[in-house]
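Worksheet: one structure, shown below.
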Amino acid sequence: MNSRKSTPPSREKLLLQMSGLCAKCEQCEHDLREKMRRKGALSADIDHVIDYLYDHRFLDEERYARAYARDKLRFNGWGRLKIRMMLSSKRLSREAISVAMEATEIPEYSEVLEQIVRGKARALDLSDAADRQKLLRSVYARGFEPQLIIKAMEALRQQLRHAIDLVS
């Protein structure tokens with residue numbers, strides 16, 4: 001094992017790496033600070049790089065929050081509660097989180113919720129109270145609001161009843 005300490009990366013190298021990362025996809029300050037700390041960067045260099053990234057619009061808290069919320073809804077099937085919690089864990093401002101929550105105020109939100117409810121309900125009997133509770137807990141764990149889950153479950157039950165009536 002080598003006992004020598006590695007030298008911290010230069011400010012210029014950090015600047016190039018972090019600006020390149022930001023150019024590829026949206027990043028947040030918290031994540032970038034962690035990446036630079038893991039590389040052994042000096043605190044003053046980290047602050048300088050972060051300031052530069054903000055000054056040159058590589059970093060934008062609200063833009064990041066909106067992109068994060070949209071992506072987590074579309075690709076991970078997360079609800080507002082989980083998105084809000086995860087954005088808070090990234091130490092974003094309340095304003096940025098509010099902007100992100102507004103970005104989820106789209107018809108797609110209900111569609112994603114309905115798809116998740118429909119998919120999870122396939123293996124369950126919605127006439128059974130225990131299965132309905134299981135479905136509710138499962139979808140709630142993804143961060144959707146309980147009142148919206150209940151509405152989606154009821155809409156699905158109505159659709160199923162209607163389909164059964166058509167067949168009968």
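Figures for the structure shown
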| quantity | calculated |
| --- | --- |
| Inter-residue pairs, beta-carbon under 9 Å, first at pLDDT 70 or above and in the stretch 153-166, second exposed (fewer than 14 other Cβ atoms within 10 Å of the Cβ) and not in a helix (DSSP H, G or I), 6+ apart | ARG157/SER127 |
| Residue among GLU102, GLU114 that alone is open to solvent by 60 Å² or more (accessible area, probe 1.4 Å), more than 19 Å from GLU26 (Cβ to Cβ) and assigned to a helix (DSSP H, G or I) | GLU114 |
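Residue by residue, here is whether (1) out of contact with any strand residue (DSSP E or B) (no Cβ under 7 Å at 6 or more places or on another chain); (2) touching a residue at least 40 places away in the same chain (Cβ under 8 Å); (3) open to solvent by less than 60 Å² (accessible area, probe 1.4 Å); (4) under 16 Å from TYR109 (Cβ atoms) holds:
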| site | (1), (2), (3), (4) |
| --- | --- |
| ARG38 | yes, no, no, no |
| HIS56 | yes, no, no, no |
| TYR64 | yes, no, yes, no |
| LYS72 | yes, no, yes, yes |
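The values are calculated or read from the model by the stated rules, or taken from the named source; none is laboratory data. Since the model is a prediction, treat every value here as computed from it, not as a measurement. Using ideal geometry, Cβ is built from the backbone for each residue, glycine included, and neighbour counts are taken over all protein chains shown. Note: accessible area is taken over every heavy atom of the protein model, side chains too, but ligands, DNA and RNA are not part of it. Shrake-Rupley method; radii C 1.70, N 1.55, O 1.52, S 1.80 Å.
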